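In what follows, a structure is listed as C-alpha cells, so that the remarks can point back to it.
The values are calculated or read from the model by the stated rules, or taken from the named source; none is laboratory data. Just so it is clear, the structure is predicted and the values come from calculations on it, not from any experiment. When we count neighbours, we look across all protein chains shown, and the Cβ atoms used for this are built from the backbone with ideal geometry, even at glycine.
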Amino acid sequence: MILDASCRIEYHNFQDVPAIFMLRPRSGWAQWVMREQFHIHPQVPVIEFTDVYGNSCQRIVMPPGDFQIDVQFRVEVQDQVEMDLKAPIMPVQDLPTDLLHYLLPSRYCQSDILSPLAHTIIEQPSFTYNDIAKIHDWIHRSIAYTPGASDSSTSAVDTARDLQGVCRDYAHLGIALCRALDVPARMVVGFLHELQPMDLHAWFEAYIGNRWYAFDAMQAVTQGNRIVVAYGRDAADVALATLFGPFQLNFMEVTVNPASLNLRSWS
C-alpha cells in the first residue's frame, strides 16, 4: 500500500528552546519514502544528523513565541508483516556484534528483573519465532489498553505489575521479555494505518533467524501498513521531540490515509 501520513505540532515557547526532532522516515527494506515535505514556521536553521541507531534527527533552536512543525510523507509500505514460525532464535555467540546492546537491560526494559516471567510464559521453549509469538499473545491477552494509566516514567516492570498501559508500554514489556530470553529486541515508533484513536504509534521488533521481525501486541495479529520513523533500545532513544527549555504544547494532529491513485497529487 502507498500511504500519505502527516504530523502537525504547534508549540508556544517562553524563551529560546533547543530541540531535537525525529520526524523523518528513511527508506529501507520494509518501506520506500516516495515524497516528503518538512516545514517549520518561523523559519530557523535546521541541522540534520544521524544518531547511533541510524535515525534521521533534526536539531533546531525554537525562538520565543509560537512555533509550528508540519511534516508530510508519501511512503510505500508492506501490506502484511512477515513471519516465519520456524525461524530459529540465534545463539548469542552467533549474533552480529552491533546487535549485542539490544540484549541488555535498559531504562524502561528491565529484562533481568522480568526473566522469571518470560520463562513462565514460554513454558517449553522451541527456540524459534514461536517463542516470541507466545510473548506477543500473552501481552495481548493480559494487558488492558488504558489511556492515562501510565506516564513517561512507566517501565516494563510497572506494566507487568499493573497489567495496563498504552502502545509504548506494550512495546517496552515485549522488548524486556524478549531480552530475558536472550533475543535482541528494539523499539519502533512511527505511523500505523487505521490506528484508533489516530496518533503516533509504538511496537517492537525481535531479531530471529538473522533478521528483524515486527510484533505489535496491541493487535491480536500484527498487521502491516505501518511507516517506521525511528528505532532504539526503548522510548528514551526514540522520542520524536526532545525539548530543552520551557514550552507549551498547543496542538498536535496525526493523519494516515491511503494515497490518491493520482500519484502526482499532493495535499
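Values computed for the structure shown
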{"quantity": "Filtered residue count, segment 188-225, keeping only those that are under 21 Å from Thr159 (Cα atoms) and surrounded by 15 or more Cβ atoms within 10 Å (Cβ to Cβ)", "calculated": "17"}
{"quantity": "Enumeration of residues in segment 100-113 that are under 26 Å from Thr154 (Cβ atoms), assigned to a helix (DSSP H, G or I) and not aromatic (Phe, Trp, Tyr)", "calculated": "His101, Leu103"}
{"quantity": "Residues within segment 126-164 that are without any contact (Cβ under 8 Å) to a residue 12 or more places away in the chain and either of a type in the set (Val, Ile, Thr) or on the phi > 0 side of the Ramachandran plot (or both), tallied", "calculated": "1"}
{"quantity": "Candidates Ala236, Ala176, Ala241 - the one that is touching a residue at least 60 places away in the same chain (Cβ under 8 Å), small (Gly, Ala, Ser) and surrounded by 22 or more Cβ atoms within 10 Å (Cβ to Cβ)", "calculated": "Ala176"}
{"quantity": "Residue that is touching a Pro at 6+ places or on another chain (Cβ under 6 Å) and either under 21 Å from Val238 (Cβ atoms) or hydrophobic (A, V, I, L, M, F, W, C) (or both), where the choices are Val71, Val52, Val61, Val44", "calculated": "Val61"}
{"quantity": "Filtered residues of segment 244-254 (kept if surrounded by fewer than 13 Cβ atoms within 10 Å (Cβ to Cβ) and either part of a strand (DSSP E or B) or of a type in the set (A, V, I, L, M, F, W, C) (or both))", "calculated": "Phe244, Gln248, Leu249, Asn250, Phe251, Glu253"}
{"quantity": "Gln43 vs. criteria at negative phi, in contact with an Asp or Glu (Cβ under 8 Å, 6 or more places away or on another chain) and modelled with pLDDT of 95 or more", "calculated": "no"}
{"quantity": "Residue count, segment 141-175 (criterion: within 26 Å of Gln78 (Cα to Cα) and touching a Ser or Thr at 6+ places or on another chain (Cβ under 7 Å))", "calculated": "4"}
{"quantity": "Members of segment 62-106 found to be more than 18 Å from Tyr231 (Cα to Cα) and among the β-branched types (Val, Ile, Thr), listed by number", "calculated": "Ile69, Val71, Ile89, Val92"}
{"quantity": "Subset of segment 13-53 [over 22 Å from Trp212 (Cα atoms), crowded, with 16+ Cβ neighbours inside 10 Å and either acidic (Asp, Glu) or in contact with a Gly (Cβ under 9 Å, 6 or more places away or on another chain) (or both)]", "calculated": "Asn13, Val17, Ala19"}
{"quantity": "Segment 82-129, subset more than 23 Å from Asp237 (Cβ to Cβ) and of a type in the set (Gly, Ala, Ser), residue surrounded by the most Cβ atoms within 10 Å (Cβ to Cβ)", "calculated": "Ala87"}
